[in-house]
1. Can we say residue A:134 is free of Cβ contacts under 8 Å to residues at least 12 places away in the same chain, under 28 Å from residue A:218 (Cα atoms), touching a strand residue (DSSP E or B) at 6+ places or on another chain (Cβ under 8 Å) and part of a strand (DSSP E or B)?
2. Before we move on, is residue A:296 modelled with pLDDT of 95 or more, more than 14 Å from chain B (Cβ to nearest Cβ) and part of a strand (DSSP E or B)?
3. From the set of residues in region B:48-69 that are under 14 Å from the mean Cα position of the chain (by Cα) and among the aliphatic types (A, V, I, L, M), which is surrounded by the most Cβ atoms within 10 Å (Cβ to Cβ)?
4. If you check every pair at least six apart or on different chains, which have Cβ atoms under 6 Å apart with a residue in region A:171-185 that is acidic (Asp, Glu) first and a residue that is at pLDDT 95 or above and assigned to a strand (DSSP E or B) second?
5. Quick one: would you say residue B:23 is over 13 Å from the mean Cα position of the chain (by Cα) and either within 14 Å of another protein chain (Cβ to nearest Cβ) or of a type in the set (Gly, Ala, Ser) (or both)?
6. Pairs only if they're at least six apart or on different chains, beta carbon under 8 angstrom, first in region A:192-205 and touching a residue at least 12 places away in the same chain (Cβ under 8 Å), second surrounded by fewer than 23 Cβ atoms within 10 Å (Cβ to Cβ) and of a type in the set (Ser, Thr, Tyr); list them, first residue then second.
7. Based on what the data block shows, is residue B:106 of a type in the set (A, V, I, L, M) and farther than 19 Å from residue A:263 by Cβ?
8. Specify the residue that is farthest from the other protein chains (Cβ to nearest Cβ); the eligible residues are those in region B:62-93 that are in contact with a Ser or Thr (Cβ under 9 Å, 6 or more places away or on another chain) and in a strand (DSSP E or B).
Amino acid sequence: MTGVADQLDPARDDFWRVRSPAATSVPFKEWQHFIVLAPGLDLILNFNLSSSSGLGEPHDRLGRVIALARTSRWTGIVDAASRPELSRDGCRARFGDHRVEIRTTGYRVVVEAPADGIVADLTLRPMAVPITARRQALAPGRRLDWTLTARLAVDGEVELGDRTFALVDAVGYHDHNWGHFAWGDDFTWEWCCVLPTDRAADWAVVYSNLMNGARTHLALEQLFVWRSGLNVLAAGGLDVSAHAEGRHRARPELRLPRPMAVVQPRIDSDVPRRLEVSARSGADHVALGFAPESLVQLLVPSELAPRGVVVINEVVGPVELAGRIAGQTIAGEGRGVFELVRR
Amino acid sequence: VSSSSSDADLPARRLLGAALDALGREAPAHRDLLCGTLAALAVNVHVDREALGVRAAAGGLAITEPAASARVTIRTDLATAYALLDARLTILEAVRTGRLDARGSAGDLAVAAEALSVFLHGLVRCPSGAALLRALRSASKES
């Protein structure tokens, strides 16, 4: 994948925007999201900026770092930083004790929360061509830019309490989102990334949909596949279909931020027991089956309703992938991180 | 928020006062909603050895001495309050185990529960809410 990696430059393409050119009165939001999957470890890290206005002015920025780690159980934090610091070029950010650097060759992510049993220092090198969706309509007047790198190589160290994971060439995923919307707007999304359990396998898959809050209207549904760093399948509309079966009955293992669990005691996660997605493009086709293993909930206060809560389910589990692309079979076991937003 | 005595050795009064100040400053819609909810209901709160009253007043919420007219009385301790906000205990479990006691008519208790919900929803929307939670954690360890 050297040829692909040579074309990638996160510092050129993936810097913090901090504000959108379309400054409006609708709150501005931006986040850099990282997923790391290694034997015995699922790690989700999110550096998140939000502004009450649409302008993202420095005095009006609230930073949050979300770190969720699963070994035999989940641990996690949502750490607020009232004054996140960003460099003028948008390539370096410090959120309290946590940092993210966007470099020519990749990303460095540092999470320092020893009191909560989470410390990580990671470098992530893109191994797949990124794709960007510009100004996707979430809801009327609400737009979100989304750029994603479906596969990265991850090195570094993760300390979770008394356990240390030394990562060498682990697999990762990254996306970066920015735009204008309010939590509680009339939308939900379902999104996932799937990476192979066998690191020698060269594929990566991303699926997403956008629906209204009641999930009665599907605005967008798409599935992408990469092989050897190249995007080899992009399908949308009627070429993608998803089927959810039953209901995952297990309780969320963690609900964050912790005080939100008091205001949202209802734990119904509305997560299926099994989710199957298939996609085709011409003669190419893939199908994946996801069996949720466990989940955590992020409980986000609605910005529209005084007592509204938006629930973001972060669900992990095994995925089977099978298909045929460009005359070649693509198949194998993977691990999926699914994000199911419920309003 | 008004307070009628020194807060130095009264952690519950100090923390509740700081929380109500934060609500007024950072979540005014919730402060107004809470004032409306408590307009017709004075509540007394006993936390460890502290006793205080909470009532709606002109321009905000007031912490007072316990009111003889209070129709709802809540008894708990700082450790329980922190355990609830740290999600190590549910309100139901706290009531069942006697760590939280709420007295009043069914109707008044429903209004008090409504007020608590508005108060907490406001606090989780305050950027300073995390610092307040850390202060509660420290105070609960000292109590």
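The values are calculated or read from the model by the stated rules, or taken from the named source; none is laboratory data. Treat the numbers as computed from the prediction; the structure is a model and nothing was measured. Here the Cβ positions follow ideal geometry from the backbone for every residue, glycine too, while neighbour counts run over all protein chains shown.
1. Details: free of Cβ contacts under 8 Å to residues at least 12 places away in the same chain: yes; under 28 Å from residue A:218 (Cα atoms): yes; touching a strand residue (DSSP E or B) at 6+ places or on another chain (Cβ under 8 Å): yes; part of a strand (DSSP E or B): yes.
Against the criterion (free of Cβ contacts under 8 Å to residues at least 12 places away in the same chain, under 28 Å from residue A:218 (Cα atoms), touching a strand residue (DSSP E or B) at 6+ places or on another chain (Cβ under 8 Å) and part of a strand (DSSP E or B)), residue A:134 qualifies.
2. On the way: modelled with pLDDT of 95 or more: yes; more than 14 Å from chain B (Cβ to nearest Cβ): no; part of a strand (DSSP E or B): yes.
No, not satisfied.
3. That would be B:54.
4. Here the result reads A:175/A:33; A:175/A:148, each pair linking region A:171-185 to a residue that is at pLDDT 95 or above and assigned to a strand (DSSP E or B).
5. Values: over 13 Å from the mean Cα position of the chain (by Cα): no; either within 14 Å of another protein chain (Cβ to nearest Cβ) or of a type in the set (Gly, Ala, Ser) (or both): yes.
For residue B:23, the condition - over 13 Å from the mean Cα position of the chain (by Cα) and either within 14 Å of another protein chain (Cβ to nearest Cβ) or of a type in the set (Gly, Ala, Ser) (or both) - is not met.
6. Going by the 8 Å Cβ cut-off, the qualifying pairs are A:192/A:208; A:202/A:228.
7. Working: of a type in the set (A, V, I, L, M): yes; farther than 19 Å from residue A:263 by Cβ: yes.
Criteria met by residue B:106.
8. Filtering first and then ranking leaves B:64.
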